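Read the structure below first, then the notes.
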Number of protein chains: 2
Amino acid sequence: MPAVPKHRKPIIDAAVTLFRRQGYSKTGLNEIVEASGAPKGSLYYYFPEGKTSIGTAAIEEAGARVVTTVQELADKAASTADLLRSHAKLLAEWMRASRFRDGCPITTVLLEMAPENRPITHAGREAYAARLDIVQNKLVADGFAEPDAQRLAVLCVSALQGALIQARVDQSGTPLRTTADELGILLENRRQSEDG
Amino acid sequence: MPAVPKHRKPIIDAAVTLFRRQGYSKTGLNEIVEASGAPKGSLYYYFPEGKTSIGTAAIEEAGARVVTTVQELADKAASTADLLRSHAKLLAEWMRASRFRDGCPITTVLLEMAPENRPITHAGREAYAARLDIVQNKLVADGFAEPDAQRLAVLCVSALQGALIQARVDQSGTPLRTTADELGILLENRRQSEDG
């Protein structure tokens, strides 16, 4: 069956969904192509290097989705604290909708494959950097000095990432909401003390 | 070859090491038994239910190690901020020693297997709860009220968990140290503002 361009995106989307749910190693190429609805030949056409290239494309796609989401939330949020809360709320809703089977679309793959698999690790690092930038800009908008904002952004992103794992294990959105609320309070508290 | 009791612990230890490095799905039973130095027959003797029971035992063992480590650090630490810093320092050293191939001994397995696999999810939840308790007690010792301490402990554990993922992807201990330092500053800041 001839490979047609329309199948590339469905293959990547199916890979993102499956990797997020069950990880990279457990997911077979046949499972991906079957879930995508694409003919088997198209997989080897688009991804001649096999699973690593699908993994890399999936991390890039998932990273781009995260960045789009966080940027949209940041644009609407009044402050970083507000951004943390709205992001946690959204993640908790997504988790609940998947009955806590979905988590971060890139974390599991990275924990399985980094740092040995270089293309996947590189894609993961780019996704992190873009997300950190958005949060850092929001912290600067709050009034934090650039170097503080850079360091606090690492904390903010780490905290939500870790809370997503706790939420999955607890099968509850509470760790996400609690983490975002408490970090938001601490950030607001520090801004006030610096202003005061 | 007859199974002897001495092989149970080496099998679990080998499973912890392999799961931490490459995840659960990628690790085969033969690889575990080979790394453990135990005869193949002993694996089926100790773990007649196969991989799930090894996964559960590995999470229990890894969880117990984390709890022992965090309790030792908490006993020595002057405050929660101090505990966060010393834990981050230790994790960064371990990461560096493994050339950033090792991460949290339980996270990868949980992200692959929770919540579908109930025994593994349950073991993960117990490990989290024990770790949260230690941090919560330290926050109470700092002077935080019990309900605040409970919520802040969720943030502290989430932040270090998430930072461990960033450290692995960046192949650097910096995200761990930055996260712990910044969260420590925020916690001290809030204590001072509550005292003042």
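Each value in this text was obtained by applying a stated rule to the coordinates, not by laboratory testing. Just so it is clear, the model here is predicted, and its values are computed rather than measured. Neighbour counts run over all protein chains shown; Cβ positions are idealised from the backbone, glycine included.
Quick one: angle between helix B:8-22 and the longest Cα principal axis of chain B, in degrees between 0 and 90, rounded to 10, please.
Computed tilt is about 60 degrees.
Rounded if a/c is under 1.5, else prolate if a/b beats b/c, else oblate: with a ≥ b ≥ c from the C-alpha gyration tensor eigenvalues square-rooted, which is the stretch B:59-195?
oblate
Distance in nm between label sites at residue B:146 and residue B:93, each 7 Å beyond Cα in the beta-carbon direction?
Calculated label separation equals 3.6 nm.
Just tell me the longest site-free run in chain B, where the sites are GluC sites (Glu not before Pro) in a DSSP loop having at most 15 other beta-carbon atoms within 10 Å.
In chain B, the maximal stretch lacking such sites is B:117-196.
Could you give me the ³J(HN,Hα) list for the stretch A:127-139, computed from phi with Karplus coefficients 6.51, -1.76, 1.60 and θ = phi - 60°, whole Hz, x at Gly and Pro?
These are the phi-based 3J(HN,Hα) values: 5, 4, 4, 5, 5, 4, 4, 4, 5, 4, 4, 5, 5 Hz.
Find out how many positive minus negative residues lie around residue B:35, taking Lys and Arg as positive, Asp and Glu as negative, among other residues whose Cβ is under 11 Å from that of residue B:35.
Counting the neighbours of residue B:35, the net charge comes to -2.
Once the label point is placed 7 Å from Cα along Cβ, list for residue A:37 the distances to the corresponding points in the other copies, in nm, shortest first.
Ordered by increasing distance: 5.5 nm.
Classify the protein assembly as shown from the C-alpha gyration tensor, please: rounded if a/c falls under 1.5, else prolate or oblate depending on whether a/b exceeds b/c.
On the way: a/c = 2.08, a/b = 1.20, b/c = 1.73.
It is oblate, given that a/c is not under 1.5 and a/b is not larger than b/c.
For the protein assembly as shown, what is the mean residue ellipticity at 222 nm derived from helices alone (per DSSP H run of n ≥ 4: -39500 (n - 2.57); sum divided by total residues; nearest 500 deg cm²/dmol)?
Per the formula, -26000 deg cm²/dmol.
By count of other Cβ within 10 Å, fewest leading, how are A:17, B:174, A:80 ordered?
The order, fewest Cβ neighbours first, is B:174, A:17, A:80.
Mind pulling the angle between the C-alpha long axis of helix A:80-97 and the longest principal axis of chain A? Nearest 10 degrees, somewhere in 0 to 90.
With rounding to tens, the tilt is 40 degrees.
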